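To start, the structure under review is shown below, and the notes come after it.
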Amino acid sequence: QVQLVESGGGLVQPGGSLRLSCTASGSMRSFSAMGWHRRAPGKERELVAAFTSGGSTNYGNSVKGRFTISRDVGKNTMYLQMNTLKPEDTAVYYCYMVGVRQNYWGQGTQVTVSS
């Protein structure tokens, strides 16, 4: 069973930065697509950033120009660099990876942007 372990969340002031990590227990080469979603209190889950199966990247409109998704296949790890954070970025962030038979999700990591 593949497991995704997230890290890097926390409390940061507005304008600050955080980098989230998502490490897979198996090889990332077995996944066709992967990315990050988030869920803020009282809101629907939304796509933050993703790699498509073709290797291109997609970003949610609210994070374009501020967030960057990347990955290190050798380390089986995907990253989300978040810059110029705003209070509205406060949410639980979940990574996911698309496998052959099912999708896998991380446990979620809390990001709180507040002064």
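The values are calculated or read from the model by the stated rules, or taken from the named source; none is laboratory data. A quick note: this is a predicted structure, and the numbers were derived from the prediction, not measured. Every residue, glycine among them, receives a Cβ derived from its backbone with ideal geometry; neighbour counts consider all protein chains shown.
Counting only strands (runs of 3 or more DSSP E) that sit wholly inside the range 48-115, those with at least 1 residues that are buried (at least 16 other Cβ atoms within 10 Å of the Cβ) and over 14 Å from the mean Cα position of the chain (by Cα) are 109-113.
Applying the condition of being among the basic types (Lys, Arg) and within 12 Å of THR90 (Cα to Cα) to the range 23-47 and asking which residue is surrounded by the fewest Cβ atoms within 10 Å (Cβ to Cβ) yields LYS43. Candidates SER32, SER21: the one that is out of contact with any helix residue (DSSP H, G or I) (no Cβ under 8 Å at 6 or more places or on another chain) and at pLDDT below 95 is SER32.
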